[in-house]
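Only one structure is covered here, and it is reproduced in the block below.
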């Protein structure tokens, strides 16, 4: 799964790297983004504009928005089978922007898991493959939300966890964001482990275990 991640760049950097898209004028660096919080998303609504969605997918048919707390990740292998995800897979896909993510590694005989920070070797930001939806609350407010797709781990992630987020290659952004309906067979080739040789991972402080902690210290190597 993917339960925490980072996006520490500023709007100017985002615009310089993701040149095909428009970004909000202001947003703060985040070092410990947690479920139910706002995440920066580029939806396939043909606008090519980034916006903040709630992390935790609330399907448009949901009666209770609390379902989003359980739908922060979407298992890539079964997207077409799950009622909560199959509609979004066909019609509502998105890029979820990040520049690193955390995963916890267990060890025999130890109750406390070790958090690892995983990032690209060049430290550049990237995009998770995501799904989104729009839910109308009883008071008429519209809530846009999303989930991160996960897949099998690459060689680097295998030693840490048995899943990893599906990271898209930049050449696949346009295909993933195509606003026209797509079939599972058309999208399946894009949902795969990202090349391990382009990534790095190291243990960090257990301070990241607490969502309220959100400082640059969290991504420093553990002492």
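Where a number appears in this text, it was derived from the coordinates with a stated rule and is not lab data. Keep in mind that what you see is a predicted model, and the values were worked out from it rather than measured. Note that we place each Cβ from the backbone using ideal geometry, even for glycine, and neighbour counts take in every protein chain shown.
Which one is nearest to the chain's Cα centre (by Cα) among residues in the stretch 37-49 that are surrounded by 14 or more Cβ atoms within 10 Å (Cβ to Cβ) and more than 23 Å from residue 216 (Cβ to Cβ)?
Applying the filter and picking the extreme gives 41.
So how many residues does the stretch 193-202 have that are surrounded by fewer than 14 Cβ atoms within 10 Å (Cβ to Cβ) and over 21 Å from residue 112 (Cβ atoms)?
Result for the stretch 193-202: 2.
Take residue 82 and decide whether it is free of Cβ contacts under 8 Å to residues at least 12 places away in the same chain and surrounded by 13 or more Cβ atoms within 10 Å (Cβ to Cβ).
yes
Report the residue count in the stretch 203-223 for those that are under 20 Å from the mean Cα position of the chain (by Cα) and exposed (fewer than 13 other Cβ atoms within 10 Å of the Cβ).
Total satisfying the criteria: 4.
State which residue is surrounded by the most Cβ atoms within 10 Å (Cβ to Cβ) when the search covers only the stretch 1-26 and only residues that are in contact with a helix residue (DSSP H, G or I) (Cβ under 7 Å, 6 or more places away or on another chain) and farther than 26 Å from residue 151 by Cα.
Ranking the qualifying residues of the stretch 1-26, first place goes to 23.
Hey, can you tell me all the residues within the stretch 161-192 that are buried (at least 19 other Cβ atoms within 10 Å of the Cβ) and over 25 Å from residue 48 (Cβ atoms)?
164
Part of a helix (DSSP H, G or I), surrounded by 20 or more Cβ atoms within 10 Å (Cβ to Cβ), touching a helix residue (DSSP H, G or I) at 6+ places or on another chain (Cβ under 7 Å) and on the phi < 0 side of the Ramachandran plot: does that describe residue 57?
Here the answer is no, as residue 57 does not meet what is asked.
Suppose the filter is touching a residue at least 12 places away in the same chain (Cβ under 8 Å) and over 16 Å from residue 84 (Cα atoms); does residue 185 pass it?
So residue 185 fails the test.
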